[in-house]
Amino acid sequence: MTGRGELRVYADAEALAQAAAELCAETMQAAVAARGRCGVLLAGGATPRRAYELLAGEPLAQNIPWHQVHVFWGDERCLPAGDARRNETMARLALLDRVPVPPEQVHAIDCAGAPEQVAEFYADQLHCFFAGRPPRFDLAILGLGDDGHTASLLPDAAALAEQQRWTAVTKRPEEPFARVTLTAPLLNQARLVVFLVSGQGKAAVLRAALTGEQPRLPVHLIRPAGGGLLWLADRAAASLLAEGGGTA
Ligand code: 6PG
């Protein structure tokens, strides 16, 4: 599978989570070994939770150099710290409260303030972290919404056209909160982008994402320039793909 990455299909959600956790562990270890630190971008939503839990548990957690890991988020809902709807809250409960990442290396999107200011401030944090070097996350975990969004790059959002800035503000009309998201120009510089897609409900959108079916979806913007692109899906999510019958 060229251009749109490599698809790996697993029997069920648990097998998908296990494979995702193992891949994350391997990638983080390799990044620290090669460059002395690892920049990881976490996704929100429900799908990654189990993988985060497995990553925080044995045997994986004991072999990860957590003190050299820096954690960022691909997007966040502009809600107060601790709100159950925040992507940070899920990641802390499933992973970060259980592993020894130094607190100053957990770079949450602090939503105290106007969303535009929050987005600017997070971009500043990202610039500080990359400190003039190419802004390449070692691992960017992303989810896929059933409308084809990823991170909070929502359909029809102005942020989809962003070519320079690293962060943007988006909003769903039906949600009482805004969102801050990383933009495609930054996401596409990652060394490895890994989509986690689970469930029958994602079968149609995964097929559209991988076949380029029209209409164009936000997820189609994610084409890592020099990095890898992996799609880890369970059989249910891959059920509408020709190769969806096989499993890794
Ligand atoms: C968010 C997420 C979002 C998520 C997809 C898939 O804040 O909503 O970052 O991009 O990854 O909506 O969500 P599920 O894993 O819950 O299907």
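The values are calculated or read from the model by the stated rules, or taken from the named source; none is laboratory data. Because the structure is a prediction, the values reported are computed rather than measured. Backbone-built Cβ (ideal geometry, glycine too); neighbour counts: all protein chains shown. The protein model used for the area step is the full one, side chains on, heavy atoms only, and it has no ligands, DNA or RNA in it. Shrake-Rupley method; radii C 1.70, N 1.55, O 1.52, S 1.80 Å.
The residues listed here are Ala190, Ala225; of these, the one that is closer than 26 Å to Cys38 by Cα and at pLDDT below 95 is Ala225.
Of all residues in segment 78-97, those that are open to solvent by less than 70 Å² (accessible area, probe 1.4 Å) and either within 19 Å of Phe129 (Cβ to Cβ) or not acidic (Asp, Glu) (or both) total 12.
Of the residues contained in segment 61-77, one or more are found to be of a type in the set (Asp, Glu) and either within 11 Å of the ligand (Cβ to nearest atom) or open to solvent by less than 10 Å² (accessible area, probe 1.4 Å) (or both). Of the residues making up segment 121-154, those that are open to solvent by 80 Å² or more (accessible area, probe 1.4 Å) and away from the ligand (no atom under 16 Å from the Cβ) are Phe121, Asp124, His127, Cys128, Gly132, Arg133, Pro134. As a summary of the residue check, Asn188 satisfies the conditions (1) closer than 30 Å to Ala204 by Cα; (2) open to solvent by less than 80 Å² (accessible area, probe 1.4 Å); (3) more than 14 Å from the chain's Cα centre (by Cα) except for the one numbered (3). Among the residues of segment 201-229, those identified as within 12 Å of the ligand (Cβ to nearest atom) and open to solvent by 30 Å² or more (accessible area, probe 1.4 Å) are Gly201, Lys202. Answer yes if at least one residue in segment 164-172 is away from the ligand (no atom under 12 Å from the Cβ), touching a helix residue (DSSP H, G or I) at 6+ places or on another chain (Cβ under 7 Å), open to solvent by 40 Å² or more (accessible area, probe 1.4 Å) and without any contact (Cβ under 8 Å) to a residue 40 or more places away in the chain, and no otherwise. Looking for residues that are away from the ligand (no atom under 12 Å from the Cβ), touching a helix residue (DSSP H, G or I) at 6+ places or on another chain (Cβ under 7 Å), open to solvent by 40 Å² or more (accessible area, probe 1.4 Å) and without any contact (Cβ under 8 Å) to a residue 40 or more places away in the chain, one finds at least one in segment 164-172, hence yes. Within segment 78-120, can you find the residues that are closer than 21 Å to Thr27 by Cβ, more than 14 Å from the ligand (Cβ to nearest atom) and hydrophobic (A, V, I, L, M, F, W, C)? Matches in segment 78-120: Leu95, Leu96, Val99, Val101, Val106.
Residue pairs whose Cβ atoms lie under 8 Å apart, separated by 6 or more positions or on different chains, with the first residue in segment 33-60 and free of Cβ contacts under 8 Å to residues at least 60 places away in the same chain and the second within 16 Å of the ligand (Cβ to nearest atom) and assigned to a loop (DSSP other than H, G, I, E, B), are Tyr52/Leu95; Glu53/Leu95; Leu55/Leu95; Ala56/Leu95.
Checked against (1) over 17 Å from Leu42 (Cα atoms); (2) in contact with a helix residue (DSSP H, G or I) (Cβ under 8 Å, 6 or more places away or on another chain), Phe177 meets all criteria but (2).
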